[in-house]
Ligand code: SF4
Ligand code: SF4
């Protein structure tokens with residue numbers, strides 16, 4: 001019996017983690033489809049940023065109530081992982097509560113902490129569910145989220161509830177069994193865990209020993225299986241953020257929000273254009289095999305890897321969209337949708353690569369037009385409100401800007417008025433049609 | 001009034017073998033837009049009053065390239081940037097002050113990578129430093145007790161975290177500074193940034209500047225203060241649309257100070 005359940009346990013673990021590893025590799029591969037960008041400078045600031053923003057959830061606290069609820073789930077999640085170590089050892093070796101003897105009072109403390117946090121997480125989960133489904137908070141019920149994203153959010157909350165119920169079933173029934181002297185743990189008495197010492201007898205006190213044993217096992221296996229499901233579910237879900245928020249904040253942009261990058265390929269050309277003496281042949285010989293660099297981004301491969309990491313990390317919370325002036329005034333632009341569409345397209349490109357033995361076969365689609373429309377792109381005021389709001393430092397504007405660059409520099413597809421503005425700058429060094437010679441006229445006017 | 005404005009150009013200074021303390025970058029709006037020219041002059045009056053040795057580039061100034069860059073035209077932007085950098089370097093410019101947050105942001109943050117590194121300050125920061133150094137004094141007089149709300153320009157506030165300088169100046173006027181529900185890091189754009197100034201907005205159910213004007217009017221101000229010529233235009237339009245131009249004025253912080261002093 002022990003051998004059988006150990007084998008089952010080991011098989012589940014290997015399959016569960018194996019699947020996860022395969023999917024994690026895909027994500028890594030997909031992110032690497034992006035263009036290079038150097039984000040290795042200033043490691044000190046980067047670590048600090050990651051600790052504050054991802055680990056310390058600094059930006060969440062702009063909205064204290066969801067922040068506290070989120071914190072409860074987050075801390076419960078982190079601490080519960082400690083219990084998982086015990087589950088692994090018990091599962092493989094057929095032991096029961098292996099740490100209880102060696103850790104003694106600390107064990108009781110840890111499990112009690114887990115129980116209290118689980119209770120808080122359960123409460124938070126119920127509030128989150130009702131915010132989404134009963135109160136219908138606008139930012140969680142916009143049309144960006146129709147279909148899968150909405151199910152995704154609810155599903156994960158349900159999974160959390162099941163997980164917590166498993167923990168309490170496991171500990172509660174074991175408490176009753178231990179009281180009876182029938183637990184797999186030797187001896188008799190109370191485990192003294194903060195919640196289950198009361199909850200166990202109250203809920204499960206009247207059950208037969210056989211039923212208790214079965215329920216205890218259901219709780220134990222249920223807990224373990226939920227963890228594996230959760231792990232593998234991440235890949236398909238916005239909940240990847242629980243892992244990717246860390247690298248995402250580490251590699252976040254450290255420059256002032258107003259500093260947009262200067263395209264290097266353009267700089268070289270402009271320098272040649274401006275300097276009549278520049279020797280065009282002094283530049284390194286162009287690499288014959290190099291794909292001609294595109295200006296700006298038409299598809300996901302033209303974005304840089306940080307932008308792609310951003311897309312995988314987005315939690316679809318919609319804080320960006322609810323602060324976006326374009327969205328607030330009813331325009332089509334939603335920065336959250338920009339991130340979600342980028343991820344959808346990246347997933348599609350990834351599947352295409354998998355289906356075609358490792359190379360991307362053009363599918364007649366691009367991020368531009370097929371996913372993100374020019375109407376969305378031109379509505380952005382580049383105000384950076386979305387970036388300021390994002391709890392994990394994602395920049396939808398940088399994607400919007402790179403796509404505008406493609407529209408303007410590769411397709412000359414700017415709105416007419418913008419073309420007029422640019423022609424004026426070219427001709428008169430001002431966005432309006434005034435002569436540069438008149439620039440100081442204001443001095444003598446009334 | 002114009003006769004008492006002293007506005008030397010860099011070329012004139014150089015001819016005299018002098019170097020100004022600071023270059024005043026006027027910007028396209030400040031040079032050509034009728035409303036913004038008033039801001040430019042108000043700022044010059046303060047500089048004159050405080051005896052600041054400054055100069056402008058005049059006809060040698062050309063668009064920083066900000067609207068081209070935000071529209072996606074990196075080529076045009078970098079052309080403009082490099083031409084301006086050549087001019088700056090020709091005059092050995094070290095410090096630049098401007099009343100336009102877009103010029104401020106671009107020169108400060110985007111020029112260095114292209115070879116132009118300068119100390120760049122927004123005019124509200126510059127005025128505050130004049131005040132701190134005792135070179136300028138402000139008496140509230142005219143604005144005493146008036147309700148003034150300040151609209152944070154995105155490219156000054158969120159983009160560069162300058163929130164306090166304009167507020168401190170307003171408070172010096174003995175005015176009552178009232179904050180809108182969305183302010184500082186949570187401020188709402190006026191709708192002009194990202195080259196939107198130069199095109200019709202996309203279809204929606206409201207224009208951004210109307211939404212922002214509503215924010216401002218909600219706190220029942222006598223004056224809406226701005227620190228950006230584009231915000232100024234957007235908010236002025238919003239106030240007019242609401243038929244409030246009789247009750248609520250939209251003024252740049254430089255204008256507030258110049259007017260308080262009756263300059
Ligand atoms: S930067 Fe663009 S997308 Fe982001 S909030 Fe402002 S207008 Fe919206
Ligand atoms: S980009 Fe950031 S703020 Fe916007 S939905 Fe994603 S996680 Fe939330």
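A few notes on this one:
- Three-way shape label, region B:1-138, alpha-carbon gyration tensor, a/c 1.5: prolate
- Contact order normalised by residue count of region A:277-430, Cα under 8 Å, 6+ apart, percent: 31 percent
- Nearest-ten-degree value, helix A:241-250 long axis tilted from longest Cα axis of chain A: 40 degrees
- For chain B: rounded, prolate or oblate by the Cα gyration tensor [a/c cutoff 1.5]: oblate
- With only the Cα atoms considered, region A:285-402 has a convex hull volume of 118 Å³ per residue.
- Distance cut-off 23 Å, percentage of C-alpha pairs in region A:76-202 lying past it: 41 percent
- Nearest 10 degrees, 0 to 90: helix A:148-180 Cα axis against chain A principal axis: 20 degrees
- Extension gain from residue A:413 to residue A:148, taking 0.36 nm per residue of separation minus the Cα-Cα distance: 92.1 nm
- Net length gained if the chain between residue A:13 and residue A:40 were fully extended (0.36 nm per residue, minus Cα distance): 6.2 nm
- Within 10 Å of each Cβ in B:82-91, the average number of Cβ atoms from other chains: 1
- Only Cα sites of region B:27-87 enter the Debye sum here, all with the same form factor; the resulting log10 I(q)/I(0) across q = 0.26 1/Å is -1.04, listed in q order.
- Shielding score for A:412-420, defined as the mean number of other chain Cβ atoms within 10 Å: 4
- Prolate/oblate/rounded call for region B:163-263, Cα gyration tensor, a/c under 1.5 rounded: prolate
- In this structure, residue A:58 and residue A:32 have a Cβ-Cβ separation that, at R0 = 25 Å, corresponds to a calculated FRET efficiency of about 0.30.
- Modelled spin-label separation between residue B:222 and residue A:116, with each label point placed 7 Å from Cα along the Cα-to-Cβ direction: 5.5 nm.
- Cβ-Cβ FRET estimate between residue B:137 and residue A:228, R0 fixed at 60 Å, reported to 0.05: 0.25
- Förster radius 30 Å - calculated FRET efficiency between residue B:117 and residue A:265, Cβ distance, rounded to 0.05: 0.85
- Debye intensity ratio in log₁₀ form over the Cα atoms of region A:1-157, taken at each q of 0.14 Å⁻¹: -1.15
- Taking max minus min of the alpha-carbon positions on each principal axis, the protein assembly as shown gives extents of 101, 69, 45 Å, largest first.
- Taking label points 7 Å from Cα along the Cα-to-Cβ direction, residue B:164 and residue A:93 give a separation of 5.9 nm.
- Tilt relative to chain A, helix A:264-274 - C-alpha long axis, 0 to 90 degrees, to 10: 10 degrees
- The calculated pair-distance distribution of region A:75-144 uses every alpha carbon pair, bins of 5 angstrom beginning at 0, and gives 3, 15, 16, 16, 13, 10, 8, 7, 6, 4, 1 percent.
- Among B:227, B:246, B:27, residue whose mean-square fluctuation peaks in a GNM of chain B (springs only between Cα atoms under 10 Å): B:246
- The share of alpha-carbon pairs in region A:165-278 lying farther apart than 19 Å comes to 66%.
- Ordering of B:236-242, B:148-154, A:362-368 by packing is B:148-154, B:236-242, A:362-368, highest average first (other Cβ atoms within 10 Å, averaged per residue).
- The protection proxy used here, the mean number of other Cβ atoms lying within 10 Å of each residue, ranks peptides A:29-39, A:341-351, A:401-411, B:183-193 as follows, highest first: B:183-193, A:401-411, A:341-351, A:29-39.
- Backbone N atoms of region B:135-158 closer than 12 Å to the 7 Å Cα→Cβ label point of residue B:178 belong to residues B:146-150.
- Pair residue A:446, residue A:214: separation of 7 Å Cα→Cβ label points (nm): 10.0 nm
- With all pairs of separate Cα atoms included, region A:1-91 yields a Kirkwood hydrodynamic radius of 17.2 Å.
- The mean number of Cβ atoms from other chains found within 10 Å of a Cβ in peptide B:50-58 is 1, as a whole number.
- Protection-proxy order for peptides B:196-207, A:237-248, each taking the mean of Cβ atoms within 10 Å per residue, highest first: A:237-248, B:196-207
- Full extension of the chain between residue A:274 and residue A:180 gives 25.0 nm of extra length, using 0.36 nm per residue less the Cα-Cα distance.
- Taking every DSSP helix (H) stretch of at least 4 residues in chain A, weighting each as -39,500 (n - 2.57) and dividing the sum by the residue count yields a mean residue ellipticity at 222 nm of -19000 deg cm²/dmol.
Each reported figure results from applying straightforward, stated rules to the coordinates on display, with no laboratory input. Treat the numbers as computed from the prediction; the structure is a model and nothing was measured. We place every Cβ from the backbone using ideal geometry, glycine too, and count neighbours over all the protein chains shown.
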